[in-house]
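Right, one structure below, let's go through it.
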Protein chains: 2
Amino acid sequence: MTADRWVPEARLRGDLPVTDAASAAEHVPDDATMLVSGFGSVGYPKAVPLALAEADRDLALTVVSGGSVGSEIDTALVEAGAVARRYPYAGTPEARAAANEGRVATSDRHVSAVADEARFGHYGPPDVAVVEAVACGPDWLVPSGSLGQTPAFVEAADALVVEVNEALPRELALVHDVWTPADPPQREPVPLTDPGERIGSPRIPFDPAKLRAVVRTDRRDDAYEFRDPTPEVEAVAANLRAFLAGEVGRDPCPGRLRMQFGVGSLGNAMMAELGDLDAPVEYVGEVIQDGLLDMVDAGDLSVVSGTALALSREGQDRLFADLERYAEALVLRPAEVSNAPGVVSRMGVVAVNAAVEVDLYGHVNSTHVEGSRLLNGLGGSGDFWRNAALSVVAVPSTAGDGDISRVVPLATHVDHTEHDVDVLVTDHGVADLRGTSPRERAERILACAAPEFRDDLRAYLGRAGDEGHEPHDLPSAFDWRA
Amino acid sequence: MTADRWVPEARLRGDLPVTDAASAAEHVPDDATMLVSGFGSVGYPKAVPLALAEADRDLALTVVSGGSVGSEIDTALVEAGAVARRYPYAGTPEARAAANEGRVATSDRHVSAVADEARFGHYGPPDVAVVEAVACGPDWLVPSGSLGQTPAFVEAADALVVEVNEALPRELALVHDVWTPADPPQREPVPLTDPGERIGSPRIPFDPAKLRAVVRTDRRDDAYEFRDPTPEVEAVAANLRAFLAGEVGRDPCPGRLRMQFGVGSLGNAMMAELGDLDAPVEYVGEVIQDGLLDMVDAGDLSVVSGTALALSREGQDRLFADLERYAEALVLRPAEVSNAPGVVSRMGVVAVNAAVEVDLYGHVNSTHVEGSRLLNGLGGSGDFWRNAALSVVAVPSTAGDGDISRVVPLATHVDHTEHDVDVLVTDHGVADLRGTSPRERAERILACAAPEFRDDLRAYLGRAGDEGHEPHDLPSAFDWRA
């Protein structure tokens, strides 16, 4: 990995409009489209959103983030009634409730699409970007714990407010690799051929005329808390490991595995299973979680490429204490690079993500409970599953206390279609769906359901009968339990 | 456009194993995975498939094509009971019936994924490629009317049989631009920055040790027959034209439009509406239909990039009579280039495709009637809609004799999700869905339904109520007519 090893010598450089959060918040118009940094619940601005939440103003903001952000935005601002519209992800229970009750017009988007949609004005004219940094100069900033959509947001917005977080190390400059594409029709390929390569700069440039305010803060991110894996999650991880061990040495990447894992305790648990595979492993993903640091420490991982350091507080502290060493392997890219369809496609990634439910023909619901209620958001699951060399749905066969089957006859909401799923791994087995017809898929997927649901699923297939390429009995598709 | 302007001097060059079709067919093992050329119902082999259909053999072939092929394969071979498995498209009524009755294990795939899935063995070990050409040398061939997956198939297969079609002009060499990627992890970006650029060669190279037989033929393709547009289709086309006129000069491609249209009479009719838009238009698509030749003749189109000449017989004759002139604008690329996610994404394409049905939240069914019966196949609709700068579903609001609404509460099969659709155009209007929440989408889409179905759709939304981000009433989702 070649790198421009540069660390800013100071937090603030040049004649900057430093002010307090309340004054900075006045640069956000009442009905602004406000683009905020943040992805994987890290690197989002905190002081200005809190000041907006506390301001005595009649706000109707459109809030656009990179991905998931913390409670200062998705709880405090939402509960203050200051958010009218929200893209592309609702990361807290309060933001989800607002979406589900129709109080906030929320739209769930592919991570790879957000930068262009913001540039092209799909979310309204981009008025102001509010971003967290570890250092700021007259025409540049160094982002904090995530890159996400920040470079595109800074470029697109008419005005810029920067929060310089003094609780985070300036050495985060060592992990950023900022590269942004030109707009079509001048857009050229992302010039990335090796997942560890650096193609950009540690700094995000900006037009100094845009800079309205700089606020000094020391508030840390809401950190991830990983649950201990349940026995079901451990069984999924073990099945995944066994499957991958059989793939090593054949396609899609002879001699090496390039992995992506979705965010959460399941993904984190599965990373722990990869250490002793008989192949070099590279991480070519989106969020970077604690389990990857373990693998770097063990010498099992030479490349960790993503867009956000979605670490626990303990993981953050561990990273910060040894940033120079970790930065040898670790690189953060803008989400429009990490999740770019062309990049994921040519890297030959094995993409592993969880789901809400999977149907017998391989359609996947990632977002909506019973078709209606938004649970999380799509995130980058579509970017990776659609373009991966091998797309793996890894999920326990049941939800709740085991009384809900995640394998169903017909997904109540479809985020990923049968065309995008190669393998299903549950605690009960592995369904290799490559090259299968829908009827063949149904048999293999049924075998991965929890045993207590298999008779009902079998009965559904009986009612669906033998007519059609993908036989269904629509009247009982959603009411299939005996 | 720079080009390597080369036309083969002879049909056959060198010491080739020329033989008859029946003898050539013996090089296809009984249970072979047979990779055939052909896309958009042109450029597929004819003599060898017919010989296989007529052979007194117990065949159980896996047939993999680029896309749609003609009756010699998808009717004759299927009706002979010679096909056990079929990828990635069922292009004739007989092939669809076989898929729907479960006689042929069929799997519908994204066009952009087929080359890699064939290479990686998802369809079984690639035994033999049977491809149509206009000329063949000792280690190269010039394809006929489509490129499709042919370069990848020739590279992947253990053995090669070539049909040299003497009814087609050698000058088709002028339109081919063969470029194939390396496998991951060595894969680099497709080096295409302008849609008219040439990056490859007019010939497909092959290892001479693979060549088993060369067959001379003169049988033309089953040609497309375009229906005259109905008044509904004309209304869709007029609404699309009005919408696009409003987009010219803003995103996604200021000052120019890069268009893709799906195959069929609807797409062909819509092309006719583009001539007098106040912007340069380039075609950056998959299939090339007769309407595009009209635009080239009128001087309205300087670039026509695709993977197949899906022309009517009349259109083929017109093209062949003036190939040198048309080849100034026209270029055929391998489907893994024309449909590459990264290429479509960075070109800023406006992708216009039809659908079977669209639901109130923007999910699209492209393939299955009533969730079960395969109608056509996915083709490249997902490649273009997912990666386009602007994704347009253009479809008459009703099917049948107007007694079936194509706008429904919940799609019975989902091929494209709400995340991938920007605009719906019907004969009753335009629903601009960019930046909308699901509830907002439902209102706009409902307004594009046929008036006689709107009360029932409204009543459905009433039953769905006000709970959830995307409210549904699952018990009545598929039984929603009053």
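Descriptive notes on the structure:
- Hits in segment B:264-304 - residues which are among the polar types (S, T, N, Q), open to solvent by 10 Å² or more (accessible area, probe 1.4 Å) and closer than 23 Å to B:S391 by Cβ: B:S265, B:N268
- Here segment B:215-243 is the region considered, the condition is being open to solvent by less than 60 Å² (accessible area, probe 1.4 Å) and more than 23 Å from the chain's Cα centre (by Cα), and the residue that is farthest from B:A449 (Cα to Cα) is B:V215.
- Strands (runs of 3 or more DSSP E) within segment B:85-166 that include 2 or more residues among the β-branched types (V, I, T): B:128-136, B:159-165
- Test: residue in segment B:172-189 that is among the basic types (K, R) and assigned to a loop (DSSP other than H, G, I, E, B): yes
- Scanning segment B:79-104 for residues that are at the interface with chain A (Cβ under 8 Å from one of its Cβ atoms), surrounded by 20 or more Cβ atoms within 10 Å (Cβ to Cβ) and touching a helix residue (DSSP H, G or I) at 6+ places or on another chain (Cβ under 8 Å) yields a single hit, B:Y87.
- Test: residue in segment B:148-168 that is crowded, with 20+ Cβ neighbours inside 10 Å, touching a Ser or Thr at 6+ places or on another chain (Cβ under 7 Å), hydrophobic (A, V, I, L, M, F, W, C) and within 14 Å of chain A (Cβ to nearest Cβ): yes
- Within segment B:379-394, being open to solvent by 10 Å² or more (accessible area, probe 1.4 Å) and at the interface with another protein chain (Cβ under 9 Å from one of its Cβ atoms) holds for B:R386, B:N387, B:A389.
- Segment B:401-440, residues that are open to solvent by 20 Å² or more (accessible area, probe 1.4 Å), closer than 22 Å to B:L240 by Cβ and more than 14 Å from every other protein chain (Cβ to nearest Cβ): B:G402, B:I404, B:R406, B:D427, B:H428, B:V430
- A:V337 of a type in the set (V, I, T), part of a helix (DSSP H, G or I) and facing chain B (nearest Cβ under 10 Å): no
- Residue in segment B:184-195 that is touching a helix residue (DSSP H, G or I) at 6+ places or on another chain (Cβ under 8 Å), away from chain A (no Cβ under 14 Å) and in contact (Cβ under 8 Å) with a residue 60 or more places away in the chain present: no
- Residues that are in a strand (DSSP E or B) and not polar (S, T, N, Q), drawn from segment A:274-306: A:V281, A:E282, A:Y283, A:V284, A:V287, A:I288, A:L301, A:V303, A:V304, A:G306
- So A:E443, is it within 14 Å of another protein chain (Cβ to nearest Cβ) and open to solvent by 20 Å² or more (accessible area, probe 1.4 Å): yes
- Search result, residues across segment A:88-117 that are farther than 20 Å from B:P471 by Cβ and free of Cβ contacts under 8 Å to residues at least 60 places away in the same chain: A:T92, A:A113, A:E117
- A search for C-beta distances below 6 Å between a residue of segment B:465-476 that is more than 7 Å from chain A (Cβ to nearest Cβ) and any residue that is of a type in the set (G, A, S), counting only pairs 6+ apart in sequence or on different chains, returns B:D473/B:A464.
The values are calculated or read from the model by the stated rules, or taken from the named source; none is laboratory data. Predicted model only: the values in this text are computed from it and were never measured. Methodologically, a virtual Cβ is constructed for each residue, glycine included, from the backbone with ideal geometry; neighbour enumeration extends over all protein chains shown. Calculation scope for accessible area: heavy atoms of the full protein, side chains included, ligands and nucleic acids excluded. Shrake-Rupley method; radii C 1.70, N 1.55, O 1.52, S 1.80 Å.
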